[in-house]
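What follows is one structure encoded as structure tokens, with my remarks underneath.
Derivation of every value follows stated rules applied to the coordinates shown; laboratory data play no part. Computed from a predicted model, the values in this text were never measured in an experiment. Methodologically, a virtual Cβ is constructed for each residue, glycine included, from the backbone with ideal geometry; neighbour enumeration extends over all protein chains shown.
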Amino acid sequence: MPEGFRLLAGHFDRGAQEALLEDIREVVRAAPLFTPVMPRTGKPFSVRMTSCGPLGWVSDLSGYRYQAAHPETGRAWPAMPESLLALWEEVAPGAPWPEACLVNFYGPGTRMGLHQDRDEADFSVPVVSVSLGATALFRLGGQARKDPTRSMRLASGDVVVLAGASRLAYHGIDRLVPGSSSLVRDDARINLTLRRVT
Ligand code: MD6
Ligand code: FE
């Protein structure tokens, strides 16, 4: 396992997952899910996404970046829910506050290619993720794309921390496991990632 990687299985119990999901529904009402496209090619991502907090992540023909406004409504992103700030304080104590929470929505059949999270200024600050809904097969490698990878399951309520050497580890989602959670309808999955951007 890369140094600094943590999988906190079952960090949120069912009641806490339901409360978080309600927080995210409120975020999506203010900042609707959109389909990002790959820079240059315009190929759509299979996930739909939105953000909360002062900054949000967007990808369009001109590139990917953090920005303060939703790309379709032009409005500021909604505030980050208190529950997520509390999680950050618990698992990344002493780190500067997160500025962005990306909300990724996976329908059945959605994947996320192997990538590094490197659009942030300071890689000494961890990235923290929360999984809700269908279980996902998560692939984790090393800091080089060619490094060997391992696969693990992320179930509803699990929290992942990429800190230390794992902060720049390649990772992705190979597939969802249908029928694995009743939290989100239609076997969908929601992943939240909290980041310090500046
Ligand atoms: C996902 N997660 O679980 C994709 N990134 O849907 C990520 O891309 C991710 O889980 C940074 C840190 C933790 C993650
Ligand atoms: Fe990522």
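Model label points for Asp174 and Ala9, set 7 angstrom from Cα along the Cα-to-Cβ axis, are 1.7 nm apart.
Placing R0 at 25 angstrom, the Cβ-Cβ distance between Glu90 and Arg65 gives a FRET efficiency of 0.30 after rounding to 0.05. Helix content alone sets the calculated 222 nm mean residue ellipticity of the chain: runs of n ≥ 4 DSSP H residues at -39500 (n - 2.57) each, divided across all residues, give -4500 deg cm²/dmol. The relative contact order of the stretch 66-170, computed from alpha carbon pairs under 8 Å that lie at least 6 residues apart in sequence, is 24 percent. Semi-axes of the equivalent ellipsoid of the stretch 60-103 are 25, 13, 8 Å, computed as sqrt(5λ) over the eigenvalues of the C-alpha gyration tensor in descending order.
Kirkwood's formula applied to the C-alpha pairs of the stretch 2-81 gives a hydrodynamic radius of 14.4 angstrom. Charged side chains reduced to their Cβ positions (Lys and Arg at +1, Asp and Glu at -1) give the chain a dipole of some 780 debye around its Cα centre. Between Met152 and Arg118, the FRET efficiency from the beta-carbon distance, with R0 = 22 Å, is close to 0.50.
Just to be sure I understand: with springs between alpha-carbon atoms less than 10 Å apart, which residue in Gly53, Gly63, Gly157 has the highest mean-square fluctuation in the Gaussian network model of the chain? Fluctuation is largest for Gly63.
Orientation-averaged projection of the stretch 92-157 equals 5.7 nm² [convex hull of Cα atoms, one quarter of hull surface area]. Rg/Rh, computed from the Cα trace of the chain with Rh as the Kirkwood radius, has the value 0.92.
Efficiency by 1/(1 + (r/R0)^6): what FRET value for Arg75 and Leu21, r their Cβ-Cβ distance, R0 = 25 Å, to the nearest 0.05?
With a Förster radius of 25 Å, E is 0.65.
The three principal axes of the C-alpha atoms in the stretch 23-138 carry coordinate ranges of 40, 34, 29 Å, sorted with the longest axis first. When only Cα pairs below 8 angstrom with a gap of at least 6 residues are kept, the chain shows a relative contact order of 28 percent.
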